[in-house]
Amino acid sequence: MRGRLLAVLAGLTTAFIGLVGLLHTPYGRPLMRRIGVACPATRVSPDEVEAVRLRAVAALRTEVASPARPALGQTLDVSRAPEVLAWTRARGLVCAASVRPVHALTCEGGGAPGAAAARSRPGSPPADQVVFAFAPDGRLVSVDRLRSTLTAAEASRLFGQTADELAAALGPGQLVGEATPEYLTGGSMHAVRVAYRFSDYLATVAAVNVGGRIVMHEQYESARGG
């Protein structure tokens, strides 16, 4: 199940750095072992990872600048690891730092705030993990949040709230699928996704039925070249 879950998330992730972070979550490690892939930390440098990320970003971004860049309360290209770590601790998250193949903080526990707010919603289900990834020069460039224990009603509500927050900040996004409990439970791989593509910012929020379990994945990423 975890291998299938990561495979779906890999298809939804908009750029390489988010996938790298997810490969080092409890969902990703079994898949790496299963396909015989060793952790690339001993072979790939942060500079090489960032170069790959920027190539992926270049294929997705548009010519229009974003009016805002929501990122779970963080400031992309400005926030640094000490600031993010202090912020997560204040919200009850427990984080582990890694430096290869990318500098990242992988955090668990507690509820993280919504896409456009710096506070947790009352009663919001906690995330499995939140991954904050940094460029080689220390800038925060990507934030991923994963929830995999949602009911269809919770996923529908949270997706709608997050999509509304993004729309208020960014305007209409590219919406595919239906954010209703009935649609999400209608079959495996039923999914709803909203995506934003700007010259300096990418965001994707998706809820998907993975073998009967509803998973919600959010990614907020800088599309600047540094």
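The values are calculated or read from the model by the stated rules, or taken from the named source; none is laboratory data. Every value quoted in this text rests on a predicted model; they were computed, and no experiment measured them. Because the Cβ atoms are built from the backbone with ideal geometry, glycine has one as well, and the counts that use them run over all protein chains shown.
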Log entry, pairs with first residue in the range 130-144 being touching a residue at least 60 places away in the same chain (Cβ under 8 Å) and closer than 15 Å to residue 83 by Cα, second being surrounded by fewer than 24 Cβ atoms within 10 Å (Cβ to Cβ) and aromatic (Phe, Trp, Tyr), beta carbons closer than 6 Å, six or more apart or on different chains, reads 140/134
Residues in the range 121-130: is at least one assigned to a strand (DSSP E or B), modelled with pLDDT under 95 and under 16 Å from residue 220 (Cα atoms)? yes
Select from the range 140-160 the residues that are within 21 Å of residue 109 (Cβ to Cβ) and assigned to a helix (DSSP H, G or I) and list them in ascending order. 154, 155, 158
Can you find a residue that is surrounded by fewer than 20 Cβ atoms within 10 Å (Cβ to Cβ), farther than 24 Å from residue 56 by Cβ and among the polar types (S, T, N, Q) anywhere in the range 190-201? no
Among residues of the range 65-80 being among the aliphatic types (A, V, I, L, M) and either modelled with pLDDT under 95 or crowded, with 17+ Cβ neighbours inside 10 Å (or both), the residue farthest from the chain's Cα centre (by Cα) is 76
Select from the range 188-211 the residues that are farther than 17 Å from residue 175 by Cα and not in a strand (DSSP E or B) and write down the one among them that is nearest to the chain's Cα centre (by Cα). 200
Within the range 82-91, how many residues are surrounded by 17 or more Cβ atoms within 10 Å (Cβ to Cβ), under 17 Å from residue 137 (Cα atoms) and more than 17 Å from the chain's Cα centre (by Cα)? 0
Residue check: is residue 181 surrounded by fewer than 18 Cβ atoms within 10 Å (Cβ to Cβ) and free of Cβ contacts under 8 Å to residues at least 24 places away in the same chain? no
